[in-house]
Each structure stands twice: as C-alpha cells, then as structure tokens.
Amino acid sequence: MSKVSNIMRLALLQLKGSKDKTVNVQNAVSKIEAVVKEHQPRLITLPECFNAPYGTKYFREYSETIPDGYTSQQLSNLAKKLQVYIVGGTIPELGENDAIYNTCTVWAPSGDLIAKHRKMHLFDIDVKGGIRFKESETLSAGNDFTTIDVDGHKIGIGICYDIRFEEMARLYRNEGCEMIIYPAAFNMTTGPLHWELLQRSRANDNQLFVVTTSPARDSSAEYVAYGHSMIVDPWAKIQKSAGEGEETVVADIDFSLVEQVRQQIPVFSQRRLDLYATARHGQ
C-alpha cells in the first residue's frame, strides 16, 4: 500500500479467552496468520486482555514486561514475519516500581514496538443490581496519549473505559486523528446499553472512524464480555459488526470519507473557541 492511498484493509479479531496464557496467545497467532493469508489486511486489531482472564485477581498473575515478555515477543515476530501492523489488544503489563497497567502495544511490519498505551481511565463502577468492578484495586492508570501513523494516517489509541471520556477523543481529533481504536471488553450490563451508542457518539462528535475489538462472549466466564466488535464510520454509521462468538471482521477503510464529512458538516471550524475549548493540561 502506498502512502498516498486512502484505502486501508483492517481486520478485527474477536477471540475466545481462557485461563491458559499460551493457548490464548497461540489462538491469536493462528487467527492472525489465517486472516493475513485470506484477506491481506494492513492493520490487525486484537481484544482487550486477550492473553488473560479479565479480572482484578488475575492482572498481576498474568502480567508481563514490555517488550521482552512472551506475548510481546510473539506479536513482534508475527508482525515482522507477515509484514503487517498489529494493535495488540491489551495485556496486563508489569511496569516500573512493580505497578500493573492495562496496556495496548502496537507493532510495525519491522517487528518494532511503535507505541504503548496504558489505559488512562480505570474501570471503577458499581451499578446496583448489575455489576461492580474496581480496576484500581490492582491497576495503575496511564498518563499519556498515544497516536500512531499508518501509511500517512494518524490513529489514536484508547482502551475500553477510555471511550466514555469525550475529551480524550476530542484531543485526538485536535491532533489530526482520522481513527480511534479502542480494544474493549464491555459487559452484559453496560454493553447492551452503551456499546454502540458510545462508538457512534465518538465518531459523530469527532467525524472520524471508531474501531472496537472485544473478546468473544463466554457465558461461563467470571466476567462475561458483550462481544460485537465494531467499525463505525465518520457519519456514525456502523460499517461492520461482529456477533457474540469468536469471529473475524474484515473491512476496507476509506479515509477520504473523513475529509468529506468534515467539509460537509464543518463543526470543527465553527466551534466557539472564544467561549470554550478542550486542550491538554498545560497548553
């Protein structure tokens, strides 16, 4: 693909999980190899916590250092072997001072780690009669925005709960992003209510593509993921969506649609920046 092309083939891998890290990673490896052989995508995305069960009691046990840990090395080798970009979902990362982060790695066709996004907003909720979950019991929050460049197209990275914070998406839009990718594992309480709504809202607000990749639903798991990995275009229309089970979604992204939408509904230039603005701290 040339740097001037507006078309990028994207693959979302909605994967089944288990308590066996090696099985989980090798499942991802085999699915990546299969989709490259059949569809030749340029960019492949994996789910949140694809190598481990999603739960506070598991994060430390399954944590690894980046980039020399087992999961990182597998993704690095695969990106280089297959000459693709891989947005490696998330894994529990063992960081400095023994802190644990929920971290997304991004790998270039060279096999190099080109970005690492630590989840900025920790999933601490208590829905009466629904779900209680406190990531902060185990995890530390990241403090950095993360953007990557794929063939001249700027893409922002967020993780799951990050999608609820419109200011974060706005800052990515301010920096020229045409897409935001959120590896995510919404649950059976918040998923039916907000999964599609939030993606279409962020896409509509910022006139860009929003991509989410979820684990497949496993009703026997302690944390049941909603599934329905999705691609939403800058018109806020659903371009492709997965079902509940293990599934691969492939789509050709036409980045020219971003500029078309922004020209036709020019909200970005119409903002009253004399009255309000979203800016990074210190700017």
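The values are calculated or read from the model by the stated rules, or taken from the named source; none is laboratory data. This one's a predicted model, so the numbers in the text were calculated from it and none came from an experiment. Glycine also receives a Cβ, built like all others from the backbone with ideal geometry; neighbour counts cover every protein chain displayed. The accessibility values were calculated without ligands, DNA or RNA, using every heavy atom of the protein model including side chains. Shrake-Rupley method; radii C 1.70, N 1.55, O 1.52, S 1.80 Å.
A few points about this structure:
- Residue match in region 102-123 (condition: of a type in the set (A, V, I, L, M) and modelled with pLDDT under 95): yes
- Complete set of residues in region 79-105 that are open to solvent by 10 Å² or more (accessible area, probe 1.4 Å), within 17 Å of residue 28 (Cβ to Cβ) and of a type in the set (A, V, I, L, M): 82
- Cβ-Cβ distances below 9 Å connect the following pairs, each with a first residue in region 153-170 that is closer than 15 Å to residue 139 by Cβ, a second residue that is among the aliphatic types (A, V, I, L, M) and surrounded by fewer than 24 Cβ atoms within 10 Å (Cβ to Cβ), and a separation of six or more residues or different chains: 159/120; 161/120; 161/122; 161/125; 162/120; 162/168.
- When residue 244 is tested against (1) open to solvent by 70 Å² or more (accessible area, probe 1.4 Å); (2) closer than 23 Å to residue 168 by Cα, just one condition goes unmet, and that condition is (2).
- All positions within region 1-32 that are in contact with a helix residue (DSSP H, G or I) (Cβ under 7 Å, 6 or more places away or on another chain), part of a helix (DSSP H, G or I) and open to solvent by 20 Å² or more (accessible area, probe 1.4 Å): 21
- Look at (1) open to solvent by 10 Å² or more (accessible area, probe 1.4 Å); (2) in contact (Cβ under 8 Å) with a residue 12 or more places away in the chain; (3) farther than 19 Å from residue 226 by Cα and you find that residue 133 fails only one, number (3).
- Among residues that are exposed (fewer than 13 other Cβ atoms within 10 Å of the Cβ), without any contact (Cβ under 8 Å) to a residue 60 or more places away in the chain, in contact with a strand residue (DSSP E or B) (Cβ under 8 Å, 6 or more places away or on another chain) and not hydroxyl-bearing (Ser, Thr, Tyr), residue 196 is not included.
- Residue 181 fulfils the conditions (1) part of a loop (DSSP other than H, G, I, E, B); (2) out of contact with any helix residue (DSSP H, G or I) (no Cβ under 9 Å at 6 or more places or on another chain) except for a single criterion, (1).
- Of residues in region 203-236 being assigned to a loop (DSSP other than H, G, I, E, B) and acidic (Asp, Glu), the one most open to solvent (accessible area, probe 1.4 Å): 222
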